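Every read-out reported here was derived from the displayed coordinates using simple, explicitly stated rules and does not represent laboratory data. All of these numbers come straight from a predicted model, not from anything done at the bench. Glycine gets a Cβ as well: all are built from the backbone with ideal geometry, and neighbour counts include every protein chain shown.
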């Protein structure tokens, strides 16, 4: 009786389609930004509202963009790690101060130390939306061609830095 | 320490599913009573261990153990305790653990409340359920463990998604999962029947109460989800044809078809292979729903953290589970052919049409949900199918179904003799049409023909559902719980139809900007913004408007809609202000500040919207009443008693 085979045949077709669908999604899922040009931004500096900072300032060299805020506990937690990484001088770290108060942010940098070469002040959170920021802290690695090559969500540690960021940076240096 | 204990308990729980599956299935084949007894013990052990595992995870949330990755990602020390506990199932990993716990509970229930069923049958059913539990436990352990540690521990968590910080979250997902996974019980019974090669009306009597209860949970889960979306998303819609909603709705539709098909199998011994197919499909669609939600193949507002690895696992599981059951079906279903016939006009025909229409609706929804994916897989571009398709595709099969429901309820088995009931039905029909037109004209004003059809159908089904038990009593029949349940459920459908027809036809909404002191009018109600203030919640800050609603100078309500910003995730959330009367809702939701001290607001008037959920809950109540019919608890027939006795003597 062939008609009793119809259901299992339909299922097989369905599963096959899903298998194809699953394969396709693999390439797009991790982060829509990876491998793409970093979204452009131009924002006032947190220490001096009259000056702006833009990613054009770092054209031609790799840099790290770290999203932080004074209300974010995880940012305080990772701050020492950021200071340590900054002290190694491997790559400039750009801060993106997100949905914060300017005087609180300045006070934070004075009291805890400043790992950033410069910090952009994104009070409205518009740049963070462009970068697909879901919560703070988040850290992006941008290569010398201006493409985002890595994204880390949650507090950064020196160990994570050495494991995930450094190899990518070294590859960059070699291929250049 | 506690999450390691939970992890360990989960591993042991997985290990116990293997003897449960093996001894359950083999015990039935070799008729060994002590193997069957062992199966029941494995079921209890599995349940206890799964519960311990779940309790450990919940405890980690309770004590804010942010060294657990899952807790750190989904909770926060400022989150109120009740939401911290509910956050246990707030994301992928924990919700799967809840799923497994629901499965363990169902299995335990089958093991305990199956005294009227021969041990061999119970044993097979428990064996099949064991295989399903094994799959889900392995899924959690290999791809989605909630017990992973985070080192160094986070100082504080990233907080629960604000959308989920709502009483709806506490009950909607558990209900939904219990319903989803409950469909595994008829599935297991179907597989057991096919393995044994025996399916009769006694079998249908065993399966019916389980199917009903699972369906009741699914109905409540979907209804709560709809209600939650209505007030929590703040858009005032109650159904969005979102992929995840569809995923929960398809097993519901097939489950509804199954309930009706089981009735025929029980009363007349017909539709056997069709009933089997529906049992398999209902559960397979539950698993398919899980796949759609957790794998990221479809876009949805319910987006769980998606991961192709997980998708592959569930897809494999779906293939094995549904594939082996349908393979078994292809092999065994020819056994269950019956030669008994029925007249073209009979209860059987009406139920057959009901089934065809319900399954047709399911297929149309499935098509709409998967169509974008098919196109994508065939490289034909990306499109999205929206409510316009679903509204029509669903209405086309549902309209005739609701029309035929009333005569179907009054039709007799084998051959319906409408001679006596014809007059009654014609009177009901006339009354319904007149009442429908009158309601449309008098209460709300003319809208469209569809509105009148909707109203008339509501009266048609509602009146028939009320008349049916009365006419049975007149004929001198006593009313069983099954009959009462049927009437209640069908009356619930009528209430639902009335709610949908009114809301969809006469809702009104208005987007505008108001500043304190200004007034706007909608549907005869005056909305005055009396003040704006800042409010501080436990983990959010909000702007709250005070809206005074009056009608002809009389105060109706004072609403306090809020626009919240949650501190940790910085998500803005709209908390609508709702004045809920029995026959209408007034909603005010806040949009954005417009800079000059005014806010954009959305005012909505929703007549009879509450009837939608009341109707759905009434349907669930009907299903529950029917599940407790006395005949389901009666001991089995002599023939089966012999089979059971056989086992004991081996």
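The stretch B:119-177 and the stretch B:250-264 have their alpha-carbon centroids 27 Å apart.
Provide B:584, B:208, A:110 in ascending order of the number of other Cβ atoms located within 10 Å of each residue's Cβ, fewest first.
A:110, B:584, B:208
Sort A:170, A:151 by Cβ crowding within 10 Å, fewest neighbours at the top.
A:170, A:151
Note on chain A: antiparallel DSSP beta bridges, both residues inside, total approximately 60 percent of the bridges counted. Using the empirical formula 2.2 N^0.38 Å as the baseline, the Cα radius of gyration of the protein assembly as shown reaches a ratio of 1.06. If you average the alpha carbon positions of the stretch A:47-103 and of the stretch B:73-88, how far apart do those two centres end up, in angstrom? The stretch A:47-103 and the stretch B:73-88 have Cα centres spaced 30 Å from each other.
Per the Cα gyration tensor, the stretch A:42-175 maps to an equivalent ellipsoid with semi-axes of 22, 17, 14 Å, ordered largest to smallest.
Helix A:102-112 and the long axis of chain A differ in direction by around 80°, with both axes built from C-alpha atoms. Spatially, the stretch B:453-489 and the stretch B:401-429 are offset by 11 Å when compared through their Cα centroids.
Mean-square fluctuations from a GNM of chain A, with a 10 angstrom spring cutoff on Cα atoms, peak among A:96, A:14, A:141 at A:14.
Determine which residues of the stretch B:159-201 fall in the zone a paramagnetic label at residue A:129 would reach in this model, i.e. backbone nitrogen under 19 Å from the point 7 Å along Cα→Cβ. Residues passing the 19 Å test: B:162-163. With R₀ fixed at 41 Å, the C-beta to C-beta distance from residue B:142 to residue B:233 puts the FRET efficiency at about 0.75. Comparing A:21, A:132, A:60 in a Gaussian network model of chain A where C-alpha atoms under 10 Å apart are linked, the largest mean-square fluctuation is found at A:21. Beta-bridge orientation, the protein assembly as shown: approximately 85 percent antiparallel, per DSSP, counting only bridges with both partners inside. Between residue B:480 and residue A:6, the modelled labels are 3.2 nm apart [label points 7 Å from Cα along Cα→Cβ].
Here the label points at residue B:105 and residue B:37, each 7 Å from Cα along the C-beta direction, are separated by 3.0 nm in the simple model.
What is the projected area of the convex hull of the Cα atoms of the stretch B:494-593, averaged over all directions, in nm²?
Projected area, direction-averaged: 7.8 nm².
Under the simplified labelling scheme, the residue B:52-residue A:20 pair shows an inter-label distance of 4.8 nm, with each label point 7 Å from Cα along Cα→Cβ.
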